[in-house]
1. For region 538-564: of the residues being modelled with pLDDT of 90 or more and closer than 27 Å to Ala457 by Cβ, which is surrounded by the most Cβ atoms within 10 Å (Cβ to Cβ)?
2. Suppose we keep only residues that are aliphatic (A, V, I, L, M) and without any contact (Cβ under 8 Å) to a residue 60 or more places away in the chain within region 404-427. Which one would you say is most open to solvent (accessible area, probe 1.4 Å)?
3. Exactly one condition in (1) surrounded by fewer than 18 Cβ atoms within 10 Å (Cβ to Cβ); (2) assigned to a helix (DSSP H, G or I); (3) over 24 Å from the mean Cα position of the chain (by Cα); (4) not aliphatic (A, V, I, L, M) is not met by Glu367; state its number.
4. Run Thr350 past the list (1) modelled with pLDDT of 75 or more; (2) of a type in the set (S, T, N, Q); (3) more than 29 Å from Ile10 (Cβ to Cβ) and report the number of the one that doesn't hold.
5. Residues to consider are Phe288, Phe270; find the one that is modelled with pLDDT of 90 or more and out of contact with any Cys (no Cβ under 7 Å at 6 or more places or on another chain).
6. Kindly indicate whether any position in region 157-180 is in a helix (DSSP H, G or I), without any contact (Cβ under 8 Å) to a residue 60 or more places away in the chain and either surrounded by fewer than 23 Cβ atoms within 10 Å (Cβ to Cβ) or hydrophobic (A, V, I, L, M, F, W, C) (or both).
7. Can you tell me which of (1) open to solvent by 20 Å² or more (accessible area, probe 1.4 Å); (2) acidic (Asp, Glu); (3) not in a loop (DSSP other than H, G, I, E, B) is the one Asp340 doesn't meet?
8. Collect the residues in region 194-214 that are more than 28 Å from the chain's Cα centre (by Cα) and either under 25 Å from Gly83 (Cβ atoms) or in contact (Cβ under 8 Å) with a residue 40 or more places away in the chain (or both), keeping them in residue-number order.
Amino acid sequence: MDPILFWTLIIVGASFALYIGIAVWSRAGNTSEFYVAGGSVPPLANGMATAADWMSAASFISMAGLIAFMGRDGSVYLMGWTGGYVLLALLLAPYLRKFGKFTVPDFVGDRYYSSTARLVAVVCAVFISFVYVAGQMRGVGIVFSRFLNVEIEIGVVIGMVIVFFYAVFGGMKGITYTQVAQYCVLIFAYLVPAVFISLLLTGNVIPQVGFGSTMLGSDQSILERLDGLSTEFGFDAYTSGALAKLDVFFITFALMVGTAGLPHVIVRFFTVPKVRDARKSALYALIFIVLLYATAPAIAAFARVNLFETINNVKYEEVPDWFKTWENTGLIVFDDKNEDGIIQYRADNTINELNIDRDIIVLANPEIAGLPAWVIGLVAAGGVAAALSTAAGLLLVISTSVAHDLVKRTLSPSMSDKKELMIARISAGLAVVIAGYFGINPPGFVAQTVAFAFGLAAASFFPAIMLGIFYKRMNKEGAIAGMVAGLVITTAYIVYFTFIRTDLNNIDHWWFGISPQGFGTVGMLVNFAVALAVSKFTAPPPIEIQNLVENIRIPRELTDDESK
């Protein structure tokens with residue numbers, strides 16, 4: 001048996017057995033355990049689970065690939081996602097936890113004293129979660145496609161079966177402790193090859209140090225070498241940027257505020273016993289997240305150097321095995337236009353054309369560097385863990401929004417706990433199927449798809465949450481109008497340029513030079529403007545709602561009586 005396939009089967013199989021075992025051990029017995037793990041998760045475990053929930057397939061699989069191909073411009077994803085978590089942890093999470101509602105639609109519905117506002121929030125939550133989960137299921141398909149030698153579609157189906165088991169039966173309780181295990185797998189899988197490759201290229205055991213060090217046998221640093229190779233082959237210098245500064249700002253800001261509006265991350269702060277524990281778990285999660293995010297630029301640079309030096313000016317018959325294996329998946333496409341049988345990695349596609357999917361860079365990196373087969377299998381397990389951990393959280397948000405916020409709180413308030421739990425599980429099951437479809441037919445590559453989800457969250461949820469916490473005059477009419485306006489204009493812009501008029505999807509036709517990935521910031525500003533304008537000319541919220549807003553901003557713990 002092929003050593004890579006052998007180690008992949010062993011490591012991925014063992015990780016799957018661990019996830020399923022944890023789900024069985026910690027299966028939810030009631031709605032409280034299904035939705036928020038009974039509010040009994042220790043801060044350290046919740047921090048680890050939050051980090052796994054946060055670091056999706058986009059972070060593990062796609063982010064370093066984007067940085068490798070985009071150079072400095074790829075840093076918008078790094079800055080946006082990291083800064084967004086800090087914004088969420090410091091500005092929103094403690095107040096939402098104190099409010100006591102474990103879903104965003106529940107917060108919106110109660111804060112804005114309106115079933116209509118709750119319904120709009122449910123639609124936003126489900127829509128955003130499905131866009132986001134499409135990227136995760138796609139990531140699972142890519143991993144299995146390469147390492148199990150199956151079609152991407154079959155890989156997606158395998159991921160669906162696994163996530164169905166522990167999301168539907170385990171609920172938040174099962175997902176939480178599964179995510180703890182998944183974090184351990186994904187961070188180990190991310191750091192081990194980074195350390196190996198840093199040693200091989202620079203002699204430094206710490207990738208972040210190697211990233212700024214001189215290459216072995218050379219007087220050039222990694223970045224100097226990349227800049228030289230990039231310009232030599234007709235690309236922009238790696239450390240230069242092609243995106244307009246305004247677009248860089250808007251993309252970064254959309255990712256930041258979109259982060260703060262993502263419902264599957266917010267709900268994690270309700271799984272701990274106290275508000276103080278929510279703050280502690282936020283700190284732990286930030287530490288765990290930094291371990292991966294601070295390593296991504298180094299992995300990107302190492303991979304780009306290895307790509308340039310491994311496959312450039314090489315006869316097609318002599319390319320390494322990994323090239324043809326990935327070519328068989330359709331994620332590497334080589335078109336020898338001048339028919340000389342030589343791969344020439346150039347910006348000029350008239351010589352020949354080499355298309356390398358961004359999503360394979362982290363997964364292929366150990367193979368490109370010639371690392372042992374067990375490391376390659378470990379990376380495969382890490383990619384699956386990252387995708388499944390976030391997919392499970394998103395699917396739970398969808399099932400919770402349907403069962404709790406739509407059916408229980410809006411359509412059938414007298415429903416029993418047992419029936420609500422059954423509806424939540426059915427909703428999660430249906431969501432898995434729909435998510436699988438979008439994984440097979442995604443709207444873009446993984447990180448691009450996820451960026452759209454962040455933009456939609458920025459345009460819809462973030463202003464409603466911010467104004468709901470910090471502006472007691474905000475009423476239901478303003479919140480509803482703002483969410484609808486922000487979501488509609490952002491969705492229309494993304495759909496128009498990404499799917500309808502792809503020929504116009506460039507800076508010459510974008511509004512003010514703002515790309516679809518960055519338009520969530522515009523949607524957010526529209527949301528704020530519409531919400532504030534409408535609230536100014538309509539009746540203020542009831543006095544008890546205004547008092548409630550004042551109360552959740554008081555920096556003290558709720559008493560037992562207050563929290564009930």
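1. Here the answer is Pro541.
2. Leu411
3. Here Glu367 meets the rest and fails (1).
4. That leaves (1) as the condition not met.
5. Details: Phe270 fails: modelled with pLDDT of 90 or more.
Result of the check over Phe288, Phe270: Phe288.
6. Yes, some residue in region 157-180 is in a helix (DSSP H, G or I), without any contact (Cβ under 8 Å) to a residue 60 or more places away in the chain and either surrounded by fewer than 23 Cβ atoms within 10 Å (Cβ to Cβ) or hydrophobic (A, V, I, L, M, F, W, C) (or both).
7. (3)
8. Within region 194-214, Leu200, Leu201 qualify.
The values are calculated or read from the model by the stated rules, or taken from the named source; none is laboratory data. This structure is a prediction, so every number in the text was calculated from the model and none was measured. Don't worry about glycine lacking a Cβ; one is built from the backbone with ideal geometry, like all the others, and counts go over all protein chains shown. Just the protein is used for accessible areas: all its heavy atoms, side chains included, with ligands, DNA and RNA removed. Shrake-Rupley method; radii C 1.70, N 1.55, O 1.52, S 1.80 Å.
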